[in-house]
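For reference, the structure discussed in these notes is given below.
The values are calculated or read from the model by the stated rules, or taken from the named source; none is laboratory data. Everything quoted here is computed from the prediction, not taken from an experiment. So basically every Cβ, Gly included, is an ideal-geometry build from the backbone, and we count neighbours across all protein chains shown. All accessible areas refer to the heavy atoms of the entire protein, side chains included, with ligands and DNA or RNA removed. Shrake-Rupley method; radii C 1.70, N 1.55, O 1.52, S 1.80 Å.
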Amino acid sequence: MKSYMGKVLRVELSSGKVVEEKTKEEWLNKYYGQKGLGFRYLLEDIDPTIDPLSAENEIIFTPGVFAGTIISSGGKLAITSKSPATGTITDGSVGGSIGAEVKYAGYDAIIIKGKAEHLVYLYITPNKAEIRDAEFLRGKGTHQTDFILKKKLKDEEVKIISIGPAGENLVKIACITSELYRQQGRGGIAAVMGSKNLKAIAIKGWKDVTVSNISSFLRAVGEINKKHLLTPDNSWTNSDGTLVFGDFMNDGGILPTRNFQTGVSPTYKRLHSEMIDKRKKGNKACFGCALGCGNYIQVDNIDLEGPEYETLNMVGGNCEISDLKTIVQFNKACDDLGLDTISTGNIVAYIMEMRERGIHDFGISFGDVENYLKLPEKIAYRKGIGNELAEGVRFLSEKYGGKEFAMHVKGLEVPSYDPRGSWGMGLAYATSDRGACHMRAFPITEEVIEKTVDPFTFEGKAKLVIDGQHYNTAKFSIGICDFWALDLNLLARLLNMATGSNTTEEDMAKGGERIWNLGRIFNVMAGFRRKDDTLPERFFSEPLPEGPAKGKVLPKKEFEKTLSEYYQLRGWDEEGVPSKERLQEIEVDKEVIEKFERYLNRR
Ligand code: SF4
């Protein structure tokens with residue numbers, strides 16, 4: 001099929017075996033690329049009950065359908081695995097140019113299993129893929145790794161994806177980095193690379209990506225860019241990037257501050273304007289993206305792409321840190337060490353509140369800049385208190401107490417949106433396939449940004465969340481960045497232009513549902529049920545003290561009722577187990593349905 005490369009690279013690190021195989025073409029129509037294809041291969045290849053840090057786990061790299069073409073915002077690379085933080089399936093995408101490079105090297109997927117005897121990197125060119133020694137990179141940050149590998153390979157153009165010390169040390173909040181500032185951040189996925197002794201992948205490709213009809217394709221892309229991409233509605237990406245979200249959240253009273261104790265920040269707006277008005281030097285973009293949402297800034301002698309909204313608030317106001325330079329230093333350290341800034345900020349705020357409440361003293365209070373700046377290194381190298389912080393908020397709350405204000409879902413730390421002022425977002429967090437994630441469905445758009453839906457009711461939210469999950473799943477499987485808010489009709493048109501298929505808008509929604517169910521099947525087989533689809537107690541029982549959402553909590557009974565409605569609409573039972581009939585209806589392939597049936601019958 002056009003726009004795909006027809007090959008998958010399989011690497012078995014224990015034996016050192018590297019083989020190419022044909023892409024299962026029958027899966028491409030059903031699961032596309034990125035998230036969908038990654039989910040399908042993972043479900044095929046591994047037992048969902050395995051230890052995520054064992055050699056049996058796989059880590060799968062899948063570019064999107066449009067990667068390597070001139071379709072804007074389509075160059076990302078998805079990374080899928082079983083998460084060491086949650087035990088669920090997890091996927092996320094990394095920007096930059098690495099997704100396109102995987103296609104240029106000739107692959108629809110790179111699947112890595114096993115464990116090397118010592119630290120290695122994988123060097124891939126269209127002629128060969130080699131496992132090479134990487135002991136000289138041990139302990140190196142992602143920035144140094146990028147520079148050193150390029151020098152060693154004598155190639156400035158080679159694209160590199162790597163882990164820092166956090167991944168090597170199996171930190172549960174470790175992220176994978178490419179081109180210094182592009183991360184797949186969530187679920188501790190870099191610890192899977194670390195557990196395999198895989199420090200980096202360096203890729204250099206020069207194969208062509210072909211599309212269905214090049215002349216009509218070029219014409220259509222030009223027209224679509226003018227009409228649907230470079231529009232006033234999308235101009236925020238270039239002017240402010242993700243920082244605009246913080247203003248909306250603050251105005252809606254749901255900007256997490258002091259470990260989610262309140263939803264109004266006294267400092268966010270100032271930090272936002274300082275970054276854009278005084279510190280911004282330019283924009284950075286991923287491969288072929290006309291939106292260019294990355295803010296490249298300089299603060300004194302520190303330069304950085306970022307901080308994104310999530311980081312600015314989670315390591316800023318949520319920890320009561322209000323000085324931009326301090327936040328930038330912390331952000332840069334996390335990027336280099338390979339730490340997810342959302343989870344890191346959440347953990348730091350949690351231990352600050354633990355001390356405030358006299359539950360346990362890790363020696364740091366809200367606003368303590370000196371100790372705050374020491375934490376990224378301690379966590380990444382598991383030094384001193386860092387060894388326990390590296391295990392995440394759930395671990396800390398189970399060991400020391402304070403579960404009611406441990407802000408995580410299924411072990412993944414909650415990002416920078418408080419659902420007490422956006423009840424749909426609460427349901428989205430609870431039902432997300434990888435724990436507390438804002439990128440599976442984002443009802444905040446309707447509830448807080450556009451204000452078209454009442455944020456303080458569960459009425460209609462089950463359907464709103466389901467539609468959002470299907471939309472994002474289709475979009476992240478075909479492979480378009482979150483920040484281009486195109487509709488499913490246009491997404492289907494782009495897919496048809498590139499591949500020559502005849503996909504409709506309805507097919508897209510069904511495809512999104514099909515892939516969403518693959519994730520649920522994996523998680524059910526891994527042991528997840530209704531009891532896991534819940535939220536931190538603080539959201540149910542502690543009213544927000546100020547702002548537009550003052551006095552609000554998520555009513556637990558109504559939440560449970562809505563969860564049942566959500567399961568019913570999905571054709572799942574009361575425990576959240578998908579029915580065979582629904583799986584057949586949405587055309588999940590029969591091998592998956594049979595495998596799932598065998599699992600259910602064995603219980
Ligand atoms: S909008 Fe931003 S994150 Fe998305 S592809 Fe473009 S530059 Fe990358």
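In table form, for the structure just shown:
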{"item": "Greater than 21 Å apart at Cα, pairs in Lys332/Lys378; Lys82/Lys463; Lys278/Lys451; Lys154/Lys204; Lys207/Lys510; Lys2/Lys475", "result": "Lys82/Lys463; Lys278/Lys451; Lys207/Lys510"}
{"item": "Surface per residue (accessible, 1.4 Å probe) for the range 7-203, Å²", "result": "28 Å²"}
{"item": "Tensor-based shape of the range 7-203 (alpha-carbon gyration tensor, a/c under 1.5 rounded, otherwise prolate or oblate)", "result": "rounded"}
{"item": "All aspartates and glutamates inside 20 Å of Lys128 as judged from Cα atoms, apart from same-chain residues fewer than 8 positions distant", "result": "Glu12, Glu20, Glu21, Glu101, Asp108, Asp155, Glu156, Glu157, Asp208"}
{"item": "Nearby aspartates and glutamates by direct alpha-carbon distance to Lys590 (threshold 13 angstrom, same-chain neighbours under 8 apart not counted)", "result": "Glu26, Glu44, Glu581"}
{"item": "Karplus-derived 3J(HN,Hα), 6.51/-1.76/1.60, for each residue of the range 434-448, Hz, glycine and proline x", "result": "10, x, 4, 9, 8, 10, 9, 8, 9, x, 4, 4, 6, 7, 10"}
{"item": "32 Å Cα-Cα threshold exceeded, pairs from Lys410/Lys552; Lys103/Lys151; Lys403/Lys561; Lys325/Lys461", "result": "Lys325/Lys461"}
{"item": "Computed E for Ala290/Glu591 - FRET, C-beta separation, R0 51 angstrom, nearest 0.05", "result": "0.80"}
{"item": "Segment Lys399-Arg598, extension gain: residue separation times 0.36 nm, minus the distance between their alpha carbons", "result": "68.0 nm"}
{"item": "Whole-angstrom gap from the range 335-388 to the range 112-138, using each part's C-alpha centre", "result": "32 Å"}
{"item": "Contour minus Cα-Cα distance for Glu542 and Glu505 (0.36 nm per residue)", "result": "9.2 nm"}
{"item": "Helix-derived mean residue ellipticity, 222 nm - over the chain, DSSP H n ≥ 4, -39500 (n - 2.57), to 500", "result": "-11500 deg cm²/dmol"}
{"item": "Probe 1.4 Å, all protein chains present, accessible-area order of Asp251, Asp533, largest first", "result": "Asp251, Asp533"}
{"item": "Protein-only accessible surface order, largest first, of Lys552, Lys115, Lys199, Lys557 at 1.4 Å", "result": "Lys557, Lys115, Lys552, Lys199"}
{"item": "Gyration tensor (alpha-carbon) shape descriptor, the chain, a/c threshold 1.5", "result": "rounded"}
{"item": "Heavy-atom accessible area ranking, 1.4 Å probe, most first, across Asp589, Asp323", "result": "Asp323, Asp589"}
{"item": "Extended-chain gain in nm, criterion 0.36 nm per residue less alpha-carbon gap, Leu230 and Lys152", "result": "24.1 nm"}
{"item": "For peptides 270-280, 208-218, 519-529, sequence by mean Cβ density within 10 Å, most packed first", "result": "519-529, 270-280, 208-218"}
{"item": "Highest-first arrangement of 474-486, 173-185, where packing means the average Cβ count within 10 Å", "result": "173-185, 474-486"}
{"item": "Whole-Å distance, taken between Cα centres, linking the range 147-214 and the range 15-54", "result": "18 Å"}
